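The structure follows.
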Amino acid sequence: MYPRINLITLGVSDLKRSIDFYERGLGWKLSKESNDSVAFFQIGALVFGLFGEEALAEDIGIPFQKRQKFSGITLAQNQSSEAEVDAVINKVRALGAEILKEPTKVFWGGYSAYFKDFDGHIFEVAFNPFFPLNEDGEIVLNK
């Protein structure tokens, strides 16, 4: 089996608001495969999905429960420079994201910030000089 994750789906409380946030805040482009119930964004080789949180629980077959403050999961978007980290954080702040950690130099030698979207999903935006990005903006780890 080839190790991979093809799709990450987040349950959201307001699909339209979340689509607007990811399009305007992170510059992601909504796919034509999206519809009134689900949104898809192509993120490199990965597909990122947004789905109503109650409908997602129903699809899984579990009772819907509101999330706790911290799920133990973060998603990260690496940038090519500290200035790009600052630009992303300024965009999402203007759209109403809660900034959990302002952009700052960090102990591991990079530059990082964290924000929470409207549904409590936590994202890191970072510049990591040890994980350079290829021409497609993807991290390629040494094997």
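The values are calculated or read from the model by the stated rules, or taken from the named source; none is laboratory data. Every value quoted in this text rests on a predicted model; they were computed, and no experiment measured them. Glycine also receives a Cβ, built like all others from the backbone with ideal geometry; neighbour counts cover every protein chain displayed. Please note that ligands, DNA and RNA were not included when accessible areas were found on the heavy atoms of the full protein model with its side chains. Shrake-Rupley method; radii C 1.70, N 1.55, O 1.52, S 1.80 Å.
Would you tally the residues in the range 1-39 being open to solvent by 30 Å² or more (accessible area, probe 1.4 Å), of a type in the set (Gly, Ala, Ser) and within 15 Å of the chain's Cα centre (by Cα)?
1
A further question on this structure: What are the pairs, 6+ residues apart or on separate chains, where a residue within the range 60-76 that is without any contact (Cβ under 8 Å) to a residue 24 or more places away in the chain has its Cβ under 8 Å from a residue that is among the acidic types (Asp, Glu) and outside any loop (DSSP other than H, G, I, E, B)?
Listed by first residue and then by second, the contacts come to PHE64/GLU53; PHE64/GLU54; PHE64/GLU58.
Okay, next question. Any idea which of LYS116, LYS143, LYS66 is basic (Lys, Arg) and either at pLDDT 85 or above or touching a Phe, Trp or Tyr at 6+ places or on another chain (Cβ under 9 Å) (or both)?
Working: LYS143 fails: either at pLDDT 85 or above or touching a Phe, Trp or Tyr at 6+ places or on another chain (Cβ under 9 Å) (or both); LYS66 fails: either at pLDDT 85 or above or touching a Phe, Trp or Tyr at 6+ places or on another chain (Cβ under 9 Å) (or both).
Unique residue meeting the criteria: LYS116.
Residue by residue through the range 39-67, note down the ones that are polar (S, T, N, Q) and within 28 Å of GLY110 (Cβ to Cβ).
Listed by number, the list holds a single entry, GLN42.
Still on this model: Could you please give the count of residues in the range 120-136 that are assigned to a loop (DSSP other than H, G, I, E, B) and either in contact with a Gly (Cβ under 7 Å, 6 or more places away or on another chain) or open to solvent by 70 Å² or more (accessible area, probe 1.4 Å) (or both)?
The total comes to 7.
A follow-up question, please. State yes or no: is GLN42 at pLDDT 90 or above, touching a helix residue (DSSP H, G or I) at 6+ places or on another chain (Cβ under 8 Å) and under 25 Å from ARG4 (Cβ atoms)?
No, not satisfied.
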